[in-house]
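These notes concern the structure reproduced below.
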Amino acid sequence: MSQRRYNKNHKGDILDSVSQVVLGAACCHAVAGRQLGRKALVLGAALGTLPDLDVLIKYGNAVANFTYHRGFSHSLLVLTLISPVIMLLLRRFSAFRVISQSRLLLAVFLALITHPILDSFTVYGTQLFWPLPKVPESWASIFIIDPLYTVPLLITGLWVLFKKPKLAKLSVIGLIISSGYLTWSMYAKVTVERYVHQELKRQNIPYQQVKVTPERYNTLFWRVIVMDEQYYYESRANALRRAGPLSFNAYTHNKHWLQNIPNNWAANRLAWFTGGFYKLSDRQNMLVVSDLRMGSEGFSIFEFAVADMNNLHEPFWPRNAPRR
């Protein structure tokens, strides 16, 4: 995820859009490439980008922008409902009448629906079941930018684009390789989680929640966040080395401060959105909520000021927290 302030840009999403473009193109081409050729690639690439256009919407403040992103536009329900609408619009053009309605509908649906599913494999949080008030899906088995996932789809996509526009099997091969890598990432995550739980038990460290997230650009090295009633712990683990003790560093999270501001929308929204992996701190006389899922202690990627520490109940405009 980007290290820049969220309200300035979505650098992580811009870079990751390459993955969504090639995934959407591959899905659409695998289904409709034999009939549509290169047009299937172009259509899939456009549809694969479509859900992220919600970044253009301004929701009113930094916390709203942060937590409403990957919301309605990433909903399985919404994307399922708009798929036949898009298919019927496409059928108005003669170029898309060479393929059956059912096959075109499947191509559109897969190009759209795979976008939020892939997003859910990252740690940010994707509201797959919007409008249900369910904690966003954050499976956290792959970093938001991972070349090992994207490159196979990019290679097969370029091969199709310039060499074999109607050879749908090439896109299928790319999808099999990239999906295999996602499967490995889930296996690596589960393996590390099992090791972490064993170490927590062996070291007699109490805990309520555990989250394991991949380090940048790989699925071999993982960051561990452990939440307890008073403290949270950080550690690092290797998916291939599960011998020897893990070192846990403890920090206070001050989550009990939330009881003092039960009606603070921004603070409670962030507590929900992060699935409980957050901390509260006093910075420049402002109450700051830090998302612990991304970054590390002392450098959280997303931090928001949500209240005035001198008057917690005074109206306060949520904003990006000042730098340390």
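Just the residues that are surrounded by 14 or more Cβ atoms within 10 Å (Cβ to Cβ) and either at pLDDT below 95 or not charged (D, E, K, R) (or both), please, taken from the range 180-196.
Within the range 180-196, 181, 182, 184, 185, 186, 188, 191, 192, 195, 196 meet the criteria.
As an exercise: evaluate residue 134 against (1) closer than 22 Å to residue 291 by Cβ; (2) surrounded by 16 or more Cβ atoms within 10 Å (Cβ to Cβ); (3) out of contact with any helix residue (DSSP H, G or I) (no Cβ under 7 Å at 6 or more places or on another chain) and give the number of the one condition it does not meet.
Failing condition for residue 134: (2).
Select, from 83, 102, the only residue that is part of a helix (DSSP H, G or I), polar (S, T, N, Q) and surrounded by 15 or more Cβ atoms within 10 Å (Cβ to Cβ).
83
Consider the range 300-324. How many of its residues are surrounded by 11 or more Cβ atoms within 10 Å (Cβ to Cβ), of a type outside the set (Asp, Glu) and outside any loop (DSSP other than H, G, I, E, B)?
Looking only at that region, the number is 7.
Scanning for something farther than 17 Å from residue 69 by Cα and surrounded by fewer than 23 Cβ atoms within 10 Å (Cβ to Cβ), does the range 268-278 turn up at least one residue? Please lay out each step first, then the result.
So the first thing to find is which residues in the range 268-278 are farther than 17 Å from residue 69 by Cα, and the list is 276-278.
Pick out the ones that are also surrounded by fewer than 23 Cβ atoms within 10 Å (Cβ to Cβ) and you get 276.
Scanning the range 268-278 turns up at least one residue that is farther than 17 Å from residue 69 by Cα and surrounded by fewer than 23 Cβ atoms within 10 Å (Cβ to Cβ).
When the range 46-67 is examined, which residues are found to be part of a helix (DSSP H, G or I) and more than 14 Å from residue 86 (Cβ to Cβ)?
Restricting attention to the range 46-67, the residues satisfying the condition of being part of a helix (DSSP H, G or I) are 46-56, 62-67.
52, 54, 55, 56, 62, 63, 64, 65, 66, 67 - these are the residues of the range 46-67 that are part of a helix (DSSP H, G or I) and more than 14 Å from residue 86 (Cβ to Cβ).
Among residues belonging to the range 135-169 that are under 15 Å from the mean Cα position of the chain (by Cα), assigned to a loop (DSSP other than H, G, I, E, B) and not hydrophobic (A, V, I, L, M, F, W, C), point out the one that is farthest from residue 278 (Cα to Cα).
Here the residue is 146.
Consider residue 263 carefully, then state whether it is closer than 29 Å to residue 315 by Cα and out of contact with any His (no Cβ under 9 Å at 6 or more places or on another chain).
It is false that residue 263 is closer than 29 Å to residue 315 by Cα and out of contact with any His (no Cβ under 9 Å at 6 or more places or on another chain).
Could you check the range 286-299 and list, in sequence order, the residues that are modelled with pLDDT under 95 and either at positive phi or part of a strand (DSSP E or B) (or both)?
Within the range 286-299, 295, 296, 298, 299 qualify.
Of these, 61, 9, which one is among the polar types (S, T, N, Q), modelled with pLDDT of 95 or more and farther than 30 Å from residue 165 by Cβ?
61
Looking at 240, 258, 246, which one is in contact with a helix residue (DSSP H, G or I) (Cβ under 7 Å, 6 or more places away or on another chain) and more than 26 Å from residue 320 (Cα to Cα)?
It is 246.
Show the residue pairs that are 6+ apart or on different chains and have beta-carbon atoms under 7 Å apart, the first residue being within the range 28-48 and basic (Lys, Arg), the second being in a helix (DSSP H, G or I).
Taking only residues 6 or more apart or on different chains, the pairs are 34/168; 38/161; 39/95.
Might you check whether a residue that is part of a strand (DSSP E or B) and of a type in the set (Val, Ile, Thr) occurs anywhere in the range 242-259? Write out each step before concluding.
Kept after step one, since they are part of a strand (DSSP E or B), are these residues of the range 242-259: 249-252.
Among the residues that remain, those that are also of a type in the set (Val, Ile, Thr) are: 252.
Yes, because at least one residue in the range 242-259 is part of a strand (DSSP E or B) and of a type in the set (Val, Ile, Thr).
List pairs: first residue in the range 208-232 and more than 11 Å from residue 143 (Cα to Cα), second residue part of a strand (DSSP E or B) and of a type in the set (Gly, Ala, Ser) anywhere in the structure, Cβ distance under 6 angstrom, at least six positions apart or on different chains.
Hits for this filter: 224/235; 224/237; 231/250.
Being closer than 27 Å to residue 190 by Cα and of a type in the set (Ser, Thr, Tyr) is the filter here; which residues of the range 139-179 pass it?
Passing the criteria: 141, 149, 150, 178, 179.
Which condition breaks for residue 92 when tested against (1) farther than 30 Å from residue 186 by Cα; (2) of a type outside the set (A, V, I, L, M); (3) part of a helix (DSSP H, G or I)?
Of the numbered conditions (1) farther than 30 Å from residue 186 by Cα; (2) of a type outside the set (A, V, I, L, M); (3) part of a helix (DSSP H, G or I), the odd one out for residue 92 is (3).
The values are calculated or read from the model by the stated rules, or taken from the named source; none is laboratory data. Note that the structure is a prediction, hence the values are computed from the model and not measured. Counting neighbours? That spans all protein chains shown, and the Cβs are built from the backbone with ideal geometry, glycine included.
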